[in-house]
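As structure tokens, the structure follows; a few thoughts come after it.
The values are calculated or read from the model by the stated rules, or taken from the named source; none is laboratory data. In this text, all values refer to a predicted model and were calculated from it rather than measured experimentally. Because the Cβ atoms are built from the backbone with ideal geometry, glycine has one as well, and the counts that use them run over all protein chains shown.
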Amino acid sequence: MIQSIHPLIITIGILFVVVNTAALLIWLERRLLALWQDRYGPNRVGPFGLLQVLADMIKIFTKEDWVPPFADKPVFILAPAVIVVAVLMSFAVIPFSPDIWVVDLNIGLLFFLAMSSMGVYSVVLAGWASNNKYSLLGGMRAAAQMLSYEVFMGLSLMGVVMMAGSFNLREIVETQKGMWFFIPQIFGLVVFMVAGIAETHRLPFDLPEAESELVAGYHSEYSGMKFGMFFVGEYLGVTLISAFITTLFFGGWLGPSFLPPIVWFILKTFVFICFFILLRASLPRPRYDQLMAYGWKVMLPLALANLIVTGGIILAIG
Amino acid sequence: MATIYIDNKPFEVADDQNLLQAVLSLGLNLPYFCWHPALGSVGACRQCAIKQFRDEEDSRGKIVMACMTPVNSKSLIPPLNETRISVDDEEAEHFRESVIEWLMVNHPHDCPVCDEGGSCHLQDMTVMTGHNYRRYRFKKRTHRNQYLGPFINHEMNRCIACYRCVRFYRDYGGGDDLSVMASRGEVYFGRFEDGVLESEFSGNLVEVCPTGVFTDKTYKEHYTRKWDLQTAPSICLHCSLGCNTIPGERYGEIRTILSRYNGEVNGYFLCDRGRFGYGFVNSGRRIRQPLIRNDAGGLESSTPEAVGDKLASFLSNGAKMIGIGSPRASLEANFALRTLVGADRFYNGMSADDSRLVASAIRILQEGPARTPTLREVESADAVFVLGEDLTNTAPRLDLAVKQSVRRKPIERAAMLRIPEWDDASVRELVQDEKGPFFIATPNPTKLDNIATQTYRATPDDLARLGFAVAHALDPAAPSVTDLPDDVAQLADSIAQALKESKRPLVISGTSCASEAVMRAAANVAWALCQDERAGEVYFVVPECNSTGVRLMAERDVDAAIEAVQANEADTVIVLENDLYRRAAGTSVDTLLDTAEHVIAIDHQTHRTTEKAEAVLPAGTFAESDGTFVSSEGRAQRFYQVFVSNGDEQESWRWLQELMGAAGQLEAPAWENLDDITAGLAQAYPIFEAIPKIAPPAGFRVVGQKIPRQSPRHSGRTSVLADVNVSEPKPPADSDSPFSFSMEGYTGAPPSALISRFWSPGWNSPQAINKFQIEVGGHLHGGDPGRRLIEPSDDAKPEYLNDVPASFKPRDGELLIMPLYHIFGSDELSILAPAVAERSPQPYLALNPNAAASLQVRDGEVVEITLDGVAQRLPAKISPELPEGTAGLPVGLPGLCGVTLPAWSRVKK
Amino acid sequence: MISLLRSIWLVFLHMFRKRVTIQYPDEKPNLPPRWRGRIVLTQDPDGEERCVACYLCAVACPVDCIALQATEDNHGRRYPDFFRINFSRCIFCGFCEDACPTYAIQLTPDFEMAEYNRQSLVYEKEDLLINGPGKYPDYNFYRFAGMSIGGKDKGEAENEDPPVDVHSLMP
């Protein structure tokens, strides 16, 4: 009985924790941004303003959920769901600790890459279905940006795969017992992180929704919880990328034994989430052509070079 | 034309001007004070300093006053080969700044409480020269002010001694009770003692004075800045001349009237009746809601819908309607009434006399060779013969024009001495008190007598005989007058001689004597002058602002309407903007109003006719409606709605259109705006064919924009009505004109007929008019607005008019009561303005000393006369020059209106 | 690249700075006297209304939220018959104060004027007048103006000679 119910509990538990993390991130981001800008941020609702999240949820759920008459209705409704589903699916392959995982796929990493490419559909469909020039422009930008950065996102991880000799994430973590991969794969880490920001279209790479040029880009026409879904999707994406950085480059759950492995995992992920927010607080948005040039002319060669060097060294060492 | 170089750029300018005129005509900015386009140059203020150079090599130049330097440098002593000046020269600029600084030494710290602020020439010029700080540390001289009557406020501290006021008041306007006193820095412009300014043109001091010494006292009662006024082009309706005005509105009240420059009509000036007579628009006697007679017999306020239903109940039941129009309503309103009742049931609303006389004037002008001059042309007539018209009181602005024409002949000498006409001081020095030929023949003394060559006092019949005699003397073919006394025959000869010798003779007559013979005589004189290629001109003054227009529409008068009702041809009378008690004897109007089953009155003021009506509909005044008036010159001019009032008032023609609906007239035209109705008017009357073209249509736009009635600086848009409701209402829409009731729209210069304010960057005072003229003091860009409907036929050679009346015979025991007109008082509407009412006389009876002696009355004693069967007791006033056997009674004063004059009456003590 | 890292680092260091937020309404801000808040109409040192109804504030107002009407007392002193500010439109730019030639209209350090009903934001003269001279304690416009008002005849203002006797011909 316990045996059969255990995966279910874990699945539901992870789903619960992950979704709540995304929600809490809204509060966290606002507090951290405020901190870095010498302000307070939301601090009036509940202790430390924690209930701000609740207030925001109530607000967003009770807002008018409006579908523009000129929109392509089925697609318009479907689009926000796609991003949340795609991101949540990726969490399935993450080994949170030696005992907590949902599924132990031996092609876990490929599954993650596949799922993260799904995210682009959400954005493109939303932009298309809105039937609005700003939304469409946002959607097109998103498509180009995500497709471009996906290429070397995959490539940047191949070094890790080569060193671990496996696509299975548990095995990748296990192989890091001697040395976390961020040391040999520092370039892989940099490329993956940049690609991760671009994939989640977080600042400074939020060109698909650049509010100073495109109103709100692909989600200009969205309101209520549909808009909330995009929001949650974005924060889930942040959590996901942070979790992957932890898993792939920082030894996942590994750590001194005075803390249980899951805590190590959470701590490491938390640090990267904060780093994502710090990036938002400090960096300006590049121009679109700069973004593309940066991807194709800097990141792609860097990822390829990293791959060749890693391959060469592994070959040499045998 | 001459080429002049201004700051090394060549310009083509007319060479009979001075440099200031040339520079301003070119649209350049040059400060000035004492110069005024209508007054000429005296070179007193030293403000228009520029630098003049001998030739291209001359780099030093010398400072000259632009207003005193002719464009034509060959006439200078010593002559120069070319005219080369600099306006932007540093030294000249510094000079001008210093002049302003001196002028401002004594100028008080008053601008915030000064009525001139915001339309002040001194402010504009100070800003233009760049002076901004008073360095002079000593004390300012001060003056005490004078009481100058109900029109003009005096604040002498502000004076900069430019002398424009006395130059206008005395030299141009012919007044003599305003002058300069004291000396040097202490000169004082005022009267010898406190008192009402006597001139009928004192209001122009407000616009002539470059600063706030003379300001509009009626405006001060409800003062608002010029930029806050909502303005639209309008036409004065207080006499027949059709002067162009700009009424200004704020908070639903007309606040002031400014002159609207029209190079053909009034130019820069208005008379005081036109300027200060606007009070009736704000008067407590306005009808603001529809009134309906209740069962108790009183009039009570109602709603437009309720009144509409009530009217529909009898109008749609086959009522036999007649419509009585009005010479003070627009052509459009009269036409709407005519459309409602049918052409054969429309009456022109004039008294029988007026209708007959105005018709006579129109006929003479249409059929004869003599043309009627514009007011500007009157100023250049060099011999004037006034027959039977007291111009100062019946057509005041014409009086001012005639005052200029008497200078024409003497000024010709200036040309011989090579003194340019703009050199006002020199010309006046040369001319002194010399006057050109100017003859006045009227029943009673006029204020122009003192500048007339000769005057003649007689009854209308004798005036006509003089006129016929003059015509006969000019052209023996004209009918002769028998039994003329020697002195009159001699006078006729000398008048004929003077007229013959002049280049532009002018005869002025009109309806105020109520004598057709006088007008015929005037026509004969003018026609006799049209011999040998010379253009004799004749001007007929008619009673009201639209008398000519409405007489062109219908010939039947109020008396005919009374007969129609008495003959039971009609049971419903619709009276449009007309107090019938001013048109016919009280008893017969009583009969009309009592006999008719239903009387519907449309008007904006309560008067005896509206009090007797069954239903009264609130009409908009000239300021609340659009329309067209035809002036005595025959000029059709459009006036535009200035503001939308809060009440139920609307244009009379809109009410009449609603009445058409109430009467169930299915074939009623679907007029949607003023253009539709003017189009109908043009179709119905060939003579009004040009009416739709006198101003741009309602759809007219400049670069896709309407023309704003408010200045771009209009203030308080979000606050004026905030006490009622904090959410601002939408501004009213205007479907009738190219104007908007807001500050949104095209801010540049519109076509001349649509100029709603004179303003140009840096020119906030009325001096901004310069920027709208082709040449300063000349015509407006695009031609002066309005269009003349009556021109003489080219090859007209009508027979001279005959029937010379017999000489006047005094009757025993009876006196012929002559109408006496008063600029303040005789007009129905202007007297409702409190300031004008203050200047209007109390009712009196003028008697000549012989009559007074035989009645044994002294000045001020009460006498009784009986007119139209009604006895009146009035104080007597001895008037030495009244012809024997006549007496004079003021026309139109409240309590005296509604008697037909002239009439014989027994006068008792 | 270095500059990016440097800015990330500098932003990170802000974590240890003092926060500038003032916790209004628990903590009241200390506003400078020239703060542009609620508009008042002041009185001159003699306790008379300073406003002379010159309309300059109204015309200076970029949102046209000031409306007034000038009137005069029996001695020629000008004052506003009514004076209305629609604070629901006011943007507190202070142009009216700049334009005022008599220091009558002044902006004060009070911004707590929120209302539930927009109509309550329309202030009439009685709501605007305060019992004092505001920031400029000494100025009295009529002591400098040339007009005579009750209690001050011609020639009695600052820096004025007594009125000219026009009958005198003395040089």
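What residue, among those in the range B:106-135 that are more than 16 Å from residue C:147 (Cα to Cα) and β-branched (Val, Ile, Thr), is surrounded by the fewest Cβ atoms within 10 Å (Cβ to Cβ)?
B:127
So which residues in the range A:29-41 are of a type outside the set (A, V, I, L, M, F, W, C) and either surrounded by fewer than 17 Cβ atoms within 10 Å (Cβ to Cβ) or over 19 Å from residue A:273 (Cα atoms) (or both), if there are any at all?
A:37, A:38, A:39, A:40
State which residue pairs qualify: first residue closer than 9 Å to residue B:463 by Cβ and inside the range B:510-528, second residue at pLDDT 90 or above and charged (D, E, K, R) in any location, beta carbons under 8 Å apart, and separation of 6 or more residues or different chains.
What qualifies is B:513/B:389; B:515/B:461; B:517/B:461; B:521/B:465.
Kindly indicate which of A:315, A:307, A:283, A:278 is in contact with a helix residue (DSSP H, G or I) (Cβ under 9 Å, 6 or more places away or on another chain), more than 18 Å from residue A:97 (Cβ to Cβ) and either more than 14 Å from every other protein chain (Cβ to nearest Cβ) or without any contact (Cβ under 8 Å) to a residue 24 or more places away in the chain (or both).
Of the residues listed, the single one that is in contact with a helix residue (DSSP H, G or I) (Cβ under 9 Å, 6 or more places away or on another chain), more than 18 Å from residue A:97 (Cβ to Cβ) and either more than 14 Å from every other protein chain (Cβ to nearest Cβ) or without any contact (Cβ under 8 Å) to a residue 24 or more places away in the chain (or both) is A:307.
Checking the structure you have, find out if any residue of the range A:105-117 is exposed (fewer than 15 other Cβ atoms within 10 Å of the Cβ) and under 22 Å from residue A:147 (Cα atoms).
The answer is yes, given that some residue of the range A:105-117 is exposed (fewer than 15 other Cβ atoms within 10 Å of the Cβ) and under 22 Å from residue A:147 (Cα atoms).
Show the residue pairs meeting these rules: Cβ distance below 6 Å; 6+ apart or different chains; first residue within the range A:149-177 and among the polar types (S, T, N, Q); second residue assigned to a helix (DSSP H, G or I).
A:156/A:188; A:156/A:191; A:156/A:192; A:156/A:303; A:168/A:108; A:175/A:164
Which of the residues that make up the range B:104-133 are more than 10 Å from every other protein chain (Cβ to nearest Cβ), part of a loop (DSSP other than H, G, I, E, B) and of a type outside the set (Ser, Thr, Tyr)?
Residues satisfying the conditions are B:104, B:105, B:116, B:120, B:130, B:131, B:132.
This table checks each residue for (1) in a strand (DSSP E or B); (2) modelled with pLDDT under 95; (3) on the phi > 0 side of the Ramachandran plot; (4) within 14 Å of chain C (Cβ to nearest Cβ).
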position: B:239; (1), (2), (3), (4): no, yes, no, no
position: B:247; (1), (2), (3), (4): yes, no, no, no
position: B:265; (1), (2), (3), (4): no, yes, no, no
position: B:277; (1), (2), (3), (4): no, yes, no, no
position: B:284; (1), (2), (3), (4): no, yes, no, no
position: B:292; (1), (2), (3), (4): yes, yes, no, no
position: B:296; (1), (2), (3), (4): no, yes, no, no
position: B:306; (1), (2), (3), (4): no, yes, no, no
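Looking at the range C:47-56, which of its residues are within 7 Å of another protein chain (Cβ to nearest Cβ) and either in contact with a strand residue (DSSP E or B) (Cβ under 6 Å, 6 or more places away or on another chain) or of a type in the set (Ser, Thr, Tyr) (or both)?
C:52, C:55
Residue under question is residue C:106, and the condition is that it be closer than 28 Å to residue B:114 by Cα, touching a residue at least 60 places away in the same chain (Cβ under 8 Å) and in contact with a helix residue (DSSP H, G or I) (Cβ under 7 Å, 6 or more places away or on another chain); does it hold?
When the stated conditions are applied, residue C:106 passes them.
Quick check on the range B:852-866. Is at least one of its residues in contact with a Ser or Thr (Cβ under 7 Å, 6 or more places away or on another chain) and either modelled with pLDDT under 90 or surrounded by fewer than 19 Cβ atoms within 10 Å (Cβ to Cβ) (or both)?
Yes, that holds for at least one residue.
Which condition breaks for residue A:55 when tested against (1) at pLDDT 85 or above; (2) touching a helix residue (DSSP H, G or I) at 6+ places or on another chain (Cβ under 8 Å); (3) in a helix (DSSP H, G or I)?
(2)
Considering only the range B:87-103, how many residues are β-branched (Val, Ile, Thr), surrounded by fewer than 23 Cβ atoms within 10 Å (Cβ to Cβ) and in a helix (DSSP H, G or I)?
Adding up the residues that qualify gives 1.
Say whether the condition of being within 11 Å of another protein chain (Cβ to nearest Cβ), within 30 Å of residue B:159 (Cβ to Cβ), surrounded by 18 or more Cβ atoms within 10 Å (Cβ to Cβ) and touching a residue at least 60 places away in the same chain (Cβ under 8 Å) is met by at least one residue in the range C:122-144.
yes
So is residue A:14 assigned to a helix (DSSP H, G or I), under 22 Å from the mean Cα position of the chain (by Cα) and more than 14 Å from every other protein chain (Cβ to nearest Cβ) or not?
Answer is yes for this residue.
I'd like to verify a number: residues in the range C:57-68 that are within 7 Å of chain B (Cβ to nearest Cβ) and crowded, with 17+ Cβ neighbours inside 10 Å, how many?
Summing the residues that are within 7 Å of chain B (Cβ to nearest Cβ) and crowded, with 17+ Cβ neighbours inside 10 Å in the range C:57-68 gives 7.
For the range B:360-383: of the residues being touching a Pro at 6+ places or on another chain (Cβ under 9 Å), of a type in the set (S, T, N, Q) and closer than 19 Å to residue B:793 by Cβ, which is modelled with the highest pLDDT?
B:372
Tally the residues that are in a loop (DSSP other than H, G, I, E, B), closer than 26 Å to residue B:675 by Cβ and of a type in the set (S, T, N, Q), restricting the search to the range B:308-353.
3
So, in the range B:416-443, how many residues would count as being within 17 Å of residue B:902 (Cβ to Cβ) and either touching a Phe, Trp or Tyr at 6+ places or on another chain (Cβ under 6 Å) or surrounded by fewer than 20 Cβ atoms within 10 Å (Cβ to Cβ) (or both)?
1
How many residues, within the range A:198-237, are in contact with a Leu (Cβ under 7 Å, 6 or more places away or on another chain), surrounded by fewer than 24 Cβ atoms within 10 Å (Cβ to Cβ) and not in a loop (DSSP other than H, G, I, E, B)?
Result for the range A:198-237: 1.
Assess whether residue B:101 counts as being charged (D, E, K, R), away from chain C (no Cβ under 14 Å) and within 28 Å of residue B:178 (Cα to Cα).
Spelling it out, residue B:101 is indeed charged (D, E, K, R), away from chain C (no Cβ under 14 Å) and within 28 Å of residue B:178 (Cα to Cα).
Buried (at least 18 other Cβ atoms within 10 Å of the Cβ), among the polar types (S, T, N, Q) and within 14 Å of chain B (Cβ to nearest Cβ): is that true of residue C:86 in this structure?
yes
Among what's in the range B:168-207 and is away from chain C (no Cβ under 14 Å) and farther than 25 Å from residue B:451 by Cα, pick the residue that is surrounded by the fewest Cβ atoms within 10 Å (Cβ to Cβ).
Only one residue fits best here, namely B:207.
Any residue in the range C:16-34 that is within 14 Å of chain B (Cβ to nearest Cβ) and either within 22 Å of residue C:111 (Cβ to Cβ) or in a loop (DSSP other than H, G, I, E, B) (or both)?
no
Identify, by number, the condition in (1) modelled with pLDDT under 90; (2) within 14 Å of residue B:385 (Cβ to Cβ) that residue B:453 doesn't meet.
In the conditions (1) modelled with pLDDT under 90; (2) within 14 Å of residue B:385 (Cβ to Cβ), residue B:453 misses (1) alone.
Taking residue B:22, is it within 31 Å of the chain's Cα centre (by Cα) and part of a loop (DSSP other than H, G, I, E, B)?
Answer is no for this residue.
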